[in-house]
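The values are calculated or read from the model by the stated rules, or taken from the named source; none is laboratory data. Predicted model, so just to flag it, every value in this text is computed and none were measured. Cβ placement follows ideal geometry from the backbone for every residue including glycine, while neighbour counts extend to all protein chains displayed.
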Amino acid sequence: MIYTAIDPVFATQLKQTVFEIYFFCNSPLKGGFKGGVNTDQRVQLVFIIPRTPPFAPLKGGIINREACKKKDSQLLDTTLHLHYKRSVEKRIRRPRTNPLYLRDIELMSMWKYILFWLFGWMIKMVTSLLFLTCRVRVFGQEIEKKYLENHKGKGLLYASWHRGLFFFVYFYRNLKFIVMASASKDGELATQATRRFGWIPVRGSSSRRGSQALQEMQVLFEKGHRGGLVVDAPTGPPCVSKIGIIILAKRTGLPILPVMWNADRSWRIRSWDRSIIPKPFSRIVFLYGSELLHVPADASDEACEELRKELDRRLCRMMYQTDHFFHLPGVADPRDIEVPEPVPMTETKIKD
């Protein structure tokens with residue numbers, strides 16, 4: 001019997017008849033196992049899953065041999081490939097306040113995790129180089145500055161459409177913003193990318209693990225973090241928000257600040273949200289809402305639904321202004337652009 005405590009993220013490699021364990025973390029764990037064990041022998045290891053989120057590299061670890069005897073541990077029998085079972089993950093209860101912990105997601109393979117991890121760093125490098133070439137003009141930010149000055153230590157909720165997520169991650173980088181990432185294997189791509197920019201992703205969506213994610217976000221917002229949601233995620237329809245942002249504002253007592261942006265030259269991804277990717281050396285306009293949206297703590301379901309529709313109207317109004325800003329000559333401020341009534345609730349085709 002060999003006792004060891006390891007990261008949830010690890011790999012195995014077979015070299016002839018030597019069985020080696022590699023730890024993937026910022027600094028390697030002390031201990032572990034490396035020896036000349038024949039491949040036809042049965043190796044039993046006790047894995048003590050640390051109280052940390054799955055897929056997240058650790059800064060270090062401590063071998064706890066006594067913990068191997070506790071009920072939280074479980075023997076995993078293996079020969080050529082090591083993995084840990086979902087049953088182990090379920091046996092160890094973690095606090096709901098952990099924003100990165102996802103119990104219901106199926107555990108991915110080591111190679112897929114490494115691929116996603118590399119993808120996150122690649123996205124950061126490419127995105128940073130791209131936006132360094134762009135010129136950004138910000139309008140209406142004084143409402144954010146005034147709120148933060150008058151409410152020091154309090155959080156703030158931001159809301160926008162999913163089409164603009166690409167630039168939002170860069171614009172609010174290294175501020176420990178909270179964002180909800182899809183509770184799926186593919187959602188790990190977004191999780192890795194946002195982490196590289198200093199965001200704190202919470203795994204969940206309106207269709208899967210939504211209520212748990214809102215509870216975890218609520219705790220973080222009450223501690224003073226800022227962040228928000230792309231409110232028409234995860235799968236649309238575009239420009240129609242989900243009720244989650246309203247519920248979150250009701251529970252936390254924090255106001256919602258709509259934000260929107262666009263570029264004079266961009267690529268549009270052929271997806272449900274038609275995500276915007278600015279072209280190099282393009283001009284970007286970033287617009288803040290003219291006022292905060294407050295949700296009373298005693299708001300009824302009907303009132304919450306009306307506030308959700310009001311948020312949609314504000315976002316669509318701002319979308320119309322940012323979409324037309326670079327196409328109307330003589331306009332110095334997107335807030336001066338007149339929006340037709342009723343407000344167009346979808347993207348409008350612009351004729352230059």
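Restricting region 269-291 to residues that are modelled with pLDDT of 95 or more and of a type in the set (D, E, K, R) leaves a set whose member that is farthest from residue 336 (Cα to Cα) is 279. Out of 275, 266, 290, 282, one residue alone is in contact with a His (Cβ under 9 Å, 6 or more places away or on another chain) and closer than 20 Å to residue 168 by Cα. It is 275.
Would you confirm whether any residue within region 195-217 is in the same structural domain as residue 315 (by TED's automatic domain parsing), touching a residue at least 40 places away in the same chain (Cβ under 8 Å), among the polar types (S, T, N, Q) and surrounded by fewer than 18 Cβ atoms within 10 Å (Cβ to Cβ)? Within region 195-217, one or more residues are in the same structural domain as residue 315 (by TED's automatic domain parsing), touching a residue at least 40 places away in the same chain (Cβ under 8 Å), among the polar types (S, T, N, Q) and surrounded by fewer than 18 Cβ atoms within 10 Å (Cβ to Cβ).
Restricting attention to region 266-280, the residues that are assigned to a loop (DSSP other than H, G, I, E, B) and touching a residue at least 40 places away in the same chain (Cβ under 8 Å) add up to 4. Looking only at residues of region 218-233 that are in contact with a strand residue (DSSP E or B) (Cβ under 8 Å, 6 or more places away or on another chain) and assigned to a loop (DSSP other than H, G, I, E, B), we find that the one that is surrounded by the fewest Cβ atoms within 10 Å (Cβ to Cβ) is 225. For region 234-292, filtered to residues that are basic (Lys, Arg) and under 18 Å from residue 345 (Cα atoms), the residue that is surrounded by the most Cβ atoms within 10 Å (Cβ to Cβ) is 242.
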